[in-house]
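Some notes on the structure that comes next.
The values are calculated or read from the model by the stated rules, or taken from the named source; none is laboratory data. From a predicted model like this one, the values you see are computed outputs, not experimental measurements. As a convention, Cβ positions derive from the backbone with ideal geometry for all residues, glycine included, and neighbour counts pool all protein chains shown. The area values use the complete protein model at the heavy-atom level, side chains included, leaving out ligands, DNA and RNA. Shrake-Rupley method; radii C 1.70, N 1.55, O 1.52, S 1.80 Å.
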Amino acid sequence: MADTIENPESEGPAGGWGSVRSIAHMFGDNKPSPAVIETLLRQNKPGGFMCVSCAWPKPVNYHPFEFCENGAKATISDLTSARCTPDFWNDHTVTELRSWKDYDLEQTGRLTHPLRYDAGTDRYVEVKWEEAFENIGATLKSLSKESVVFYSSGHAGLEASYLYALLARVYGNNNLPQSSNMCHETTSVGLQKVIGSPVGTIVWDDLEKADAFFFFGQNPGSNSPRFLHPLQEAKKRGARIVTFNPVVEQGLVSFVNPQSPVDMLTGHETQISDEYLQVQAGGDIAAILGLCKVVVEADDRAHADGSKRVIDVAFIDEHTTGFDMFTALVRATDWAEIERESGLTQDAIRRAGEIYIGAQRVIGVYGMGLTQHSQGALNVGMLVNLLLLRGNIGREGAGCCPVRGHSNVQGQRTVGIAEKAKLIPMDKLKELFDFNPPTEDGTTIVDAVKGLMAGKIKAFISLGGNLVRAVPDQKHMERAWANQDLIVIVSTKLNRSHLFPGKQAYILPCLSRAEIDAQASGPQSVSTEDSFSHISGSIGKRTPASKHLKSELATVVGIAKATLSANPKLKWDEWLGDYSLVRELIEKTYPKDFKDYNARMFQPGGFYRGNDAHNRVWKTEEKKAVFTTPKQLNALSFQNAGGRFRLVTMRSNDQFNTTIYGYSDRFRGIEGTRDVLLMSQSDIDTAGLSEGQVVKLVSDFGDGVRRELGGLVVTAHNLPIGTIGAYYPEANVLNAIDHHDEMSKTPASKAIPVRIEA
Ligand SMILES: Nc1nc2c(c(=O)[nH]1)N[C@H]1C(S)=C(S)[C@@H](COP(=O)(O)OP(=O)(O)OC[C@H]3O[C@@H](n4cnc5c(=O)[nH]c(N)nc54)[C@H](O)[C@@H]3O)O[C@H]1N2
Ligand SMILES: Nc1nc2c(c(=O)[nH]1)N[C@H]1C(S)=C(S)[C@@H](COP(=O)(O)OP(=O)(O)OC[C@H]3O[C@@H](n4cnc5c(=O)[nH]c(N)nc54)[C@H](O)[C@@H]3O)O[C@H]1N2
Ligand SMILES: [Mo]
């Protein structure tokens with residue numbers, strides 16, 4: 001019998017009327033101008049504006065509506081009619097706001113004026129842009145260059161991001177960590193190591209040709225809902241879908257296409273997963289090893305009886321290294337071990353393995369469920385092992401598909417936001433701008449936070465984001481953050497990172513991508529790169545939320561001019577006047593990726609910047625695709641112990657990272673609160689708890705530091721034994737900054753060791 005699954009906790013299928021009601025609720029909360037409808041109709045279409053939510057690609061043949069529930073929410077949230085003006089601070093102090101919820105901060109609306117923190121009154125006050133830039137520049141000039149960090153969250157377009165990276169390097173460091181340091185850095189490092197590409201290998205056409213999709217720890221229903229459309233198409237043509245996830249995620253169970261009138265009126269549901277395997281948190285290495293064992297055993301049988309081989313031997317011989325060592329381990333590992341470490345039965349893994357073998361073309365999809373673990377890179381290597389066995393990388397309908405987070409998170413890395421010096425064509429920068437680029441590596445997020453805690457980091461510039469709320473060890477981070485000499489955050493809305501000002505703190509409000517960006521040469525367009533490495537132009541048409549806003553690029557230019565010495569090659573004003581000149585610089589710096597950039601950026605579906613692994617050219621050290629032999633069967637850095645649970649930090653359907661849109665997680669049946677602890681009924685019973693009881697979680701990382709989160713209501717949920725769940729970002733206080741992926745330093749947010757205190 002197949003392990004198809006039902007999800008009684010969900011209010012209904014993914015999509016469907018639930019999604020329409022949820023968008024309607026956002027309208028009620030934000031009361032945007034009716035013109036938001038026109039904006040939604042232009043969303044993700046050529047010549048339109050590119051969604052500010054996730055990085056899911058834009059199809060060439062687009063539908064009348066190319067936005068999803070969460071894309072609509074992001075746009076409505078940006079185009080809210082609420083405004084957080086300087087008057088707001090007449091009624092509130094910074095200290096008071098620290099007791100506010102993320103949702104309430106978000107509801108204050110769009111920031112309208114540049115603000116400076118005034119310690120005397122404990123409030124932010126209006127400041128003139130020029131004065132802000134001058135003070136920021138003066139402080140940056142006075143600090144040692146190693147003590148300043150230039151963070152970015154993946155929102156800003158390629159043009160602003162390129163100049164931001166240039167600003168940091170001319171200033172003198174590579175301290176350019178990004179939100180992906182908490183996210184897909186595991187991919188940038190882990191995938192690079194095994195296939196020589198730091199990004200996914202598939203393109204849109206592959207989605208239309210795959211026979212099977214294997215999902216590991218990615219939740220398309222909430223986090224990339226437009227993915228459900230090609231999945232629905234795939235199911236219609238008979239493709240199979242297999243999911244490995246401890247949580248039953250509704251988008252991987254069933255979907256009603258809200259953009260199909262027939263589906264909506266008939267309530268026709270598409271079943272998504274053919275097999276749903278509730279692997280325990282951190283159990284994927286064993287689970288994938290089990291899948292590989294099914295393949296190897298079938299291949300042995302084929303070899304013995306002379307039938308067609310199951311393993312793609314020709315591909316293995318020509319393109320890979322490490323096969324013998326890996327398959328030796330596969331043979332040597334027994335099923336009892338695999339079952340224990342994965343929490344799955346041999347039978348269930350076998351059924352999934354048969355689907356893998358039965359498919360000619362397979363796409364492996366993954367997200368935070370693989371990357372945010374102590375052995376996240378090993379998880380990624382294991383998925384690649386599985387794909388390599390049958391040559392499922394670098395051919396039509398097959399490949400590796402990490403689903404990226406922020407709309408331009410991948411692109412920012414492409415154009416130079418990177419802390420690793422070797423990733424940057426420094427010689428090109430030197431030639432173009434006549435300066436000596438820094439050669440030392442900069443800091444990752446984990447190292448930046450540790451630098452803050454040690455008092456070595458004195459200033460943070462943030463191009464977007466809410467770092468204080470997004471990182472582990474949040475309570476310690478808040479104290480360390482407030483010790484800085486200078487904090488500058490470019491933001492659209494108020495958030496918790498603004499509430500721990502240092503000696504000097506500025507909030508610099510910016511345009512949203514949906515808004516008109518008028519500069520000397522006229523309205524400007526920007527561009528972004530999606531998860532499939534396609535680059536698309538975006539034009540904002542809405543009137544800005546306030547006439548005092550600056551574009552992100554203008555703010556970068558303002559800081560650069562006030563901080564850096566004059567250099568005739570740094571033509572900040574010209575670039576600000578015409579963003580196409582910045583695109584020319586990007587093309588000159590990265591000629592292979594950005595050929596004919598300005599001419600091609602509005603082509604439907606965006607232009608492809610290519611990917612060597614997609615063509616079976618392996619830019620690894622070995623010049624081959626690499627089989628990884630795991631040194632352990634789980635992705636954890638701790639042992640099992642009585643009373644120790646693996647805490648998964650979860651996203652609801654009603655949030656975008658630290659931005660909380662509302663309190664309805666309808667897919668998990670949780671309404672009106674986020675203060676819950678999800679546990680299996682069996683774990684509730686064993687722990688001697690009862691549903692509805694209020695408990696405290698405490699860190700069990702073993703470093704003697706007390707980390708706790710109280711006020712959580714025990715709620716029975718369909719979860720594997722030993723795996724429990726609570727919401728991100730609230731649960732960030734429980735994670736230790738030293739608990740991260742060994743190779744990439746991505747915080748291990750998906751199996752935090754905790755105990756429960758009644
Ligand atoms: N609406 C919305 N969209 C978003 C975001 C958002 O917050 N809200 N965030 C954006 C960002 S920045 C990102 S990076 C992406 C994140 O999107 P995803 O990669 O989907 O991230 P998560 O929802 O954190 O976790 C993914 C899944 O991993 C599962 N999981 C947890 N532990 C394990 C494990 O050990 N093994 C396996 N196999 N699965 C596990 C969880 O149950 C969850 O379903 O989404 C982007 N899009
Ligand atoms: N425990 C746990 N921790 C996690 C995760 C997890 O799954 N579990 N996920 C991690 C992941 S995947 C990520 S990516 C990080 C996210 O970390 P960040 O990227 O730092 O956080 P966001 O919540 O995306 O940032 C939201 C803020 O960005 C600003 N903003 C919004 N739009 C724009 C814009 O267009 N321009 C500018 N300049 N600012 C804008 C707004 O002020 C808003 O408050 O969190 C990480 N932390
Ligand atoms: Mo992310």
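Numbers for the structure displayed
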| quantity | calculated |
| --- | --- |
| Segment 329-379 versus segment 613-680: alpha-carbon centroid distance in Å | 15 Å |
| Tail beyond 19 Å, pair distance distribution of segment 190-305 (Cα, percent) | 58 percent |
| With Cα atoms, 0 to 90° folded angle of helix 552-563 axis to the chain main axis | 60 degrees |
| Net length gained if the chain between residue 431 and residue 317 were fully extended (0.36 nm per residue, minus Cα distance) | 36.8 nm |
| Under 19 Å from the Cα of residue 696 - aspartates and glutamates, other chains or at least 8 residues apart | 473, 675, 683, 685, 708, 730, 757 |
| For segment 185-403, projected area of the alpha-carbon convex hull averaged over all directions, nm² | 11.9 nm² |
| Aspartates and glutamates with Cα under 15 Å of residue 235, excluding same-chain neighbours fewer than 8 positions away | 206, 208, 211, 263, 269, 274, 275 |
| Accessible area of residue 548 in the full protein assembly, 1.4 Å probe (Å², nearest 10) | 70 Å² |
| Contact order normalised by residue count of segment 645-757, Cα under 8 Å, 6+ apart, percent | 38 percent |
| Protection-proxy order for peptides 92-102, 73-83, 32-42, each taking the mean of Cβ atoms within 10 Å per residue, highest first | 73-83, 32-42, 92-102 |
| Net +/- balance of residues flanking residue 635 in space, Cβ distance below 11 Å, scoring K and R +1, D and E -1 | -2 |
| Dipole axis of segment 11-144 (+1 Lys, Arg; -1 Asp, Glu on Cβ), positive-most option in 121, 49, 30 | 49 |
| Size of electric dipole in segment 21-78: Cβ of Lys, Arg +1 and of Asp, Glu -1, about Cα centre, debye, nearest 20 | 60 debye |
| With DNA, RNA and ligands ignored, accessible area of residue 400 (1.4 Å probe; Å², nearest 10) | 0 Å² |
| Within the chain, percent of DSSP bridges classed antiparallel, to nearest 5 | 40 percent |
| Three-way shape label, segment 21-78, alpha-carbon gyration tensor, a/c 1.5 | prolate |
| Farthest toward positive dipole pole in the chain [+1 Lys/Arg, -1 Asp/Glu at C-beta], among 149, 210, 5 | 149 |
| Solvent-accessible area of residue 233 with every protein chain in place, 1.4 Å probe, in Å² to the nearest 10 | 100 Å² |
| Members of 141/561; 193/631; 236/308; 592/619 lying beyond 18 Å, as alpha-carbon distances in this model show | 236/308 |
| D (Stokes-Einstein, µm²/s), Kirkwood Cα radius, segment 312-372, 1.002 mPa s at 20 °C | 151 µm²/s |
| Restricting segment 185-251 to trypsin sites (Lys or Arg not before Pro) in coil, as DSSP defines it, with at most 16 other Cβ within 10 Å | 237 |
| For the chain, convex hull of alpha carbons as volume per residue, Å³ | 147 Å³ |
| Sequence of 129, 575 from largest to smallest accessible area, 1.4 Å probe | 129, 575 |
| Cα-based reach from residue 450 at 18 Å (exclusive), listing lysines while leaving out same-chain residues under 8 positions away | 145, 420, 458, 475, 745 |
| More than 18 angstrom apart: percent of Cα pairs within segment 645-757 | 49 percent |
| Rounded, prolate or oblate (a/c below 1.5 giving rounded, otherwise prolate when a/b exceeds b/c) for segment 61-174 by Cα gyration tensor | oblate |
| Gyration tensor verdict on segment 536-678 (Cα atoms; rounded if a/c is under 1.5, prolate if a/b is larger than b/c, oblate otherwise) | oblate |
| DSSP-loop trypsin sites (Lys or Arg not before Pro) across segment 599-695, with at most 13 other Cβ within 10 angstrom | 619, 623, 631 |
| Net dipole in debye of segment 104-227 [+1 Lys, Arg Cβ; -1 Asp, Glu Cβ; about Cα centre; nearest 20] | 300 debye |
| Dipole moment magnitude, nearest 20 debye, segment 292-375 about Cα centre, only Lys, Arg, Asp, Glu C-beta charged | 240 debye |
| Among 747-754, 265-272, 719-726, 417-424, the order from most to least packed when residues are scored by Cβ within 10 Å on average | 747-754, 719-726, 417-424, 265-272 |
| Share antiparallel - DSSP beta bridges, segment 645-757, percent rounded to 5 | 65 percent |
